[in-house]
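Remarks on the structure that follows.
The values are calculated or read from the model by the stated rules, or taken from the named source; none is laboratory data. The shown structure was predicted, so the numbers you read here are calculated from the model rather than taken from an experiment. Glycine gets a Cβ as well: all are built from the backbone with ideal geometry, and neighbour counts include every protein chain shown. The protein model used for the area step is the full one, side chains on, heavy atoms only, and it has no ligands, DNA or RNA in it. Shrake-Rupley method; radii C 1.70, N 1.55, O 1.52, S 1.80 Å.
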Amino acid sequence: MHPQTLIKTKQAEKNINGISTQVVCSEFSNYIFVVLTQYGKIGTLVSVTPDSRTGDICTPMYTTKVLLGKDEALTHVCAKHLATFISQESGNRPVLVGLALKDSSIDSINSMKELIRSCQVW
Amino acid sequence: MSNAENGECAVGSAEGSISVHNFSEKLMEQVIHFHVMKLDGGFFLWVGTAPVLSNLAVSMCSRFDSTPLSSLVMGDPSDPTPNTLAQRLTKRTKKQVFVSYNLPGSHSQLSLLVEERIKKELELHPEKF
């Protein structure tokens, strides 16, 4: 018997700027869970939540919150930059991001964004 | 370049790939789904009947105590089930464990059966965790 998989996941691996980078995206009804790692670990957990008040009048604002790990400004920037499009494309679902990066230069982050896009589960 | 972080728990094998493992079991007249994501030095485990992520607990070994440390990262703090489950799995595997437990927390008998089923899977497929 094949257990039907309830949680849709997609994963990819790519060498970005000389560093092996892995992405796993999982779809939950109330969250999109993204693990983006260069250490093989979940690392810092950040939630990116759209502000419900803005509704469909304009594009929503996003609140980032470090749930686990070092609360640095750059972590918020990376998480927001990487996860906003996921939320927008998934019907404004909040995104939970696990970030463990050795390299967070803008070029690398943009490549990672493409890697996440290749694992679209939403 | 060294990848060895200060791993107090189990030190993971040479930077392996993340792998995902799903299984399910009928317990107390309902099909319970299990979803495991194996990471370096730890794993993420989701348990539920519908694809919601309503809580998340983390647990890891402590240098100062034989009982693993655990913390609820997301969800209702009045339900201790995700925390206890994560803690017990860390105790067993010596790994960092993330648990999302999406079943009624009040149902203690069900949570025992769930735990038994996870233990069985840990014995059958230790390489998946």
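Please name whichever of A:Val35, B:Leu110, A:Cys119 sits farthest to the positive end of the charge dipole of the protein assembly as shown, dipole taken about the Cα centre and charges placed at Cβ: Lys and Arg +1, Asp and Glu -1.
Checking the options against the dipole of the protein assembly as shown, the answer is B:Leu110.
So what's the gap between the Cα centers of segment B:30-62 and segment A:87-114, to the nearest angstrom?
21 Å
Would you mind checking the tilt of helix B:81-93 against the longest principal axis of the Cα atoms of chain B, expressed as 0 to 90 degrees and rounded to 10?
Once rounded, the angle reads 40 degrees.
Quick one: if you take sqrt(5λ) for each eigenvalue of the C-alpha gyration tensor of the protein assembly as shown, what semi-axes come out, biggest first, whole angstrom?
Working: eigenvalues 155, 101, 61 Å².
Semi-axes (√(5λ), whole Å): 28, 22, 17.
Rounded, prolate or oblate: which fits chain A, taking a ≥ b ≥ c as square roots of the Cα gyration tensor eigenvalues, rounded meaning a/c under 1.5, else prolate when a/b beats b/c?
Oblate.
Please report the relative contact order for segment B:19-128, taking Cα pairs under 8 Å with a sequence separation of at least 6, and give it as a percent rounded to a whole number. Please list the in-between numbers first.
Working: 203 pairs, mean separation 29.0, N = 110.
With pairs under 8 Å counted, the relative contact order is 26 percent.
Can you compute the helix-only [θ] at 222 nm over the protein assembly as shown? Use -39500 (n - 2.57) per DSSP H run of at least 4 residues, normalise by all residues, nearest 500 deg cm²/dmol. Show your work: numbers first, answer last.
Working: 4 runs with 59 residues, N = 251.
Result for the protein assembly as shown: -7500 deg cm²/dmol, rounded to the nearest 500.
Would you mind giving the total buried accessible surface between chains A and B, with a 1.4 Å probe and ligands, DNA and RNA left out, rounded to the nearest 100 Å²?
Between A and B, the summed buried area is about 2600 Å².
Roughly what % antiparallel, to the nearest 5, for the DSSP beta bridges in segment B:16-129? All intermediate terms of the calculation are to be shown ahead of the outcome.
On the way: 24 of 31 bridges.
Around 75 percent antiparallel, to the nearest 5.
How well do other chains shield peptide B:108-115, expressed as the mean number of their Cβ atoms within 10 Å of each residue Cβ? Provide the component values of the computation, followed by the final result.
Numbers: counts 0, 0, 0, 0, 0, 0, 0, 0.
Partner-chain Cβ atoms within 10 Å, mean over residues of B:108-115: 0.
Per-residue mean of other chain beta-carbon atoms within 10 angstrom of the beta-carbon, peptide A:21-29?
Numbers: counts 0, 6, 1, 7, 0, 7, 2, 10, 4.
For this peptide, the per-residue mean of nearby foreign Cβ atoms is 4.
Taking beta carbons within 10 Å but only from partner chains, what does the mean come to for residues B:18-28?
Values: counts 11, 2, 7, 0, 7, 2, 6, 1, 0, 0, 0.
Per-residue shielding by partner chains comes out at 3.
Which of the chymotrypsin sites (Phe, Trp or Tyr not before Pro) found in segment B:59-123 are in a DSSP loop and have at most 16 neighbouring Cβ atoms, other than their own, within 10 Å? Please list the in-between numbers first.
On the way: sites: B:Phe64, B:Phe98, B:Tyr101; in loops: B:Phe64.
Taking segment B:59-123 and a limit of 16 other Cβ atoms within 10 Å, the loop chymotrypsin sites (Phe, Trp or Tyr not before Pro) found are B:Phe64.
I need the shape label for chain B. Rule: rounded when a/c is under 1.5, else prolate if a/b > b/c, else oblate, with a, b, c from the alpha carbon gyration tensor. Before the final figure, lay out each step's value.
Values: a/c = 1.92, a/b = 1.44, b/c = 1.34.
Because a/c hits 1.5 or more and a/b exceeds b/c, chain B counts as prolate.
Sort all Cα-Cα distances of segment B:83-129 into consecutive 10 angstrom bins from zero, then give the percent of pairs in each bin up to the one containing the longest distance.
26, 57, 17, 0
Can you tell me the order of A:93-99, B:75-81 when each peptide is scored by its average per-residue count of other Cβ atoms within 10 angstrom, highest first?
Working: A:93-99: 24.3, B:75-81: 14.7.
Descending mean neighbour count gives A:93-99, B:75-81.
Under a point-charge model restricted to the Cβ atoms of Lys and Arg (+1) and Asp and Glu (-1), what is the dipole moment magnitude of the protein assembly as shown relative to its Cα centre, in debye to the nearest 20? Intermediate values should be presented prior to the final figure.
Working: 24 positive and 24 negative charges, 41 e Å.
The dipole magnitude comes to about 200 debye.
For chain A, can you list the cysteines whose C-beta has no other cysteine C-beta under 4.7 Å from it?
A:Cys58, A:Cys78
Place +1 on the Cβ of every Lys and Arg and -1 on the Cβ of every Asp and Glu in the protein assembly as shown, take the dipole about the Cα centre, and give the residue among B:Pro126, A:Asn15, B:Thr84 whose Cα lies farthest towards its positive end.
Farthest towards the positive pole: B:Pro126.
At 7 Å along the Cα-to-beta-carbon direction for both B:Ser78 and B:Leu122, put a label point, then send me their distance in nm to one decimal.
For B:Ser78 paired with B:Leu122, the spin-label model returns 3.0 nm.
Of the listed pairs A:Lys14/B:Lys38; A:Lys41/B:Lys95; B:Lys26/B:Lys95; A:Lys102/B:Lys91, which have alpha-carbon separations greater than 23 Å here?
Details: A:Lys14/B:Lys38 18 Å; A:Lys41/B:Lys95 12 Å; B:Lys26/B:Lys95 27 Å; A:Lys102/B:Lys91 30 Å.
From A:Lys14/B:Lys38; A:Lys41/B:Lys95; B:Lys26/B:Lys95; A:Lys102/B:Lys91, over 23 Å: B:Lys26/B:Lys95; A:Lys102/B:Lys91.
In a Gaussian network model over chain B where Cα atoms closer than 10 Å are linked, find which of B:Lys26, B:Lys94, B:Lys119 has the largest mean-square fluctuation.
B:Lys26
Could you work out which residue, out of A:Thr21, A:Thr63, A:Thr84, moves most in a Gaussian network model of chain A, that is, has the largest mean-square fluctuation with Cα springs under 10 Å?
A:Thr63
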